[in-house]
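Working notes for the structure below.
Each reported figure results from applying straightforward, stated rules to the coordinates on display, with no laboratory input. Computed from a predicted model, the values in this text were never measured in an experiment. Cβ: placed from backbone, ideal geometry, glycine included. Neighbour counts: every protein chain shown.
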Amino acid sequence: MSPTLPDCSNCVYTNCYCEENIFLLLKRFLTTPENRLHWDFFAVLISNPTKTVALWNQRAASSRDSAIIWDYHVVLALRERERPDKSLSYRQTSELAAWIYDLDTCLPVPCHWQEYVGGTFPPNCGLPVEFQSLFRVVPGEEYLNNFASDRSHMISLTQSPKPQYFAKAPPYPCICGPSAAEQGIKHNLMSHFVSMVADEGFGSVMDFSSFVAWCSRTQP
């Protein structure tokens, strides 16, 4: 029997700041010992070299049947942990569930990975390569320690003396993880997380088939 899924009700949410929403949700989940006992947590950044990824069932789309093109998107993934004793009475690794928390989806939250992947990246839709997604999977603690955003990527380049944001900024201060702060880093969102250059940044970059294998536990 699977452990209880962490509750994301009443979580902090700001429209168009998915990277910060997921940071705060990860922080909330990882402060609960019971969660850490049963689940491994990850931030999953979705983008590609042209920063044009097509996702379905997003609330910002004109309809559920329509895709929306994001420059990037961020969700939280969790995978059920293996029992250390490897007892035969426990389920096989391939049966351990993975779940996705996407705070911008029309699908259930959380959502079993198969339903989420099938609803967000429909198969056989013949997408041109410039709209196909890559995935950077970052362990939760690594994301919390190293993430930094000064929100400069959301500022419109105008002549106004006061910064004009594409979307209203969150009411709380900019986020900077402890490791990033120690190094004096104020903004690495685009270069170390959204970028899909495999040998740069944090975590592991995967194509669609590798991400599915990761979710299904056929790949570490």
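Before moving on, here are some points about what is shown:
- Excluding same-chain neighbours fewer than eight residues apart, the aspartates and glutamates reachable from residue 162 by a Cα-Cα span under 18 Å are 150.
- Exposure proxy order (Cβ contacts within 10 Å, fewest to most) of 162, 186: 162, 186
- Candidates 184, 119, 140: whichever shows maximal mean-square fluctuation once the chain is modelled as a Gaussian network with Cα springs under 10 Å: 184
- Ascending count of other beta-carbon atoms within 10 Å, so fewest first, for 34, 115, 19, 80: 34, 115, 80, 19
- Between 14, 31, 105, the Gaussian network model of the chain with springs among Cα atoms under 10 angstrom shows the greatest mean-square fluctuation at 31.
- Magnitude of the charge dipole, the chain, Cβ model with Lys/Arg +1 and Asp/Glu -1, debye to 20: 340 debye
- Working note: Karplus 6.51/-1.76/1.60 with θ = phi - 60° gives segment 13-27 the couplings 9, 10, 4, 6, 10, 4, 5, 7, 4, 6, 4, 5, 5, 4, 4 Hz, where Gly and Pro are set to x.
- J(HN,Hα) series, segment 194-211, from Karplus relation 6.51 cos²θ - 1.76 cosθ + 1.60, nearest Hz, glycine and proline x: 6, 4, 10, 6, 4, 9, 10, x, 9, x, 10, 8, 10, 7, 4, 5, 5, 5
- Between residue 114 and residue 68, full extension at 0.36 nm per residue minus the direct alpha carbon distance yields a gain of 14.5 nm.
- 111, 174 arranged by Cβ crowding within 10 Å, fewest neighbours leading: 174, 111
- Gaussian network model of the chain, Cα within-10 Å springs - most flexible of 16, 176, 125: 125
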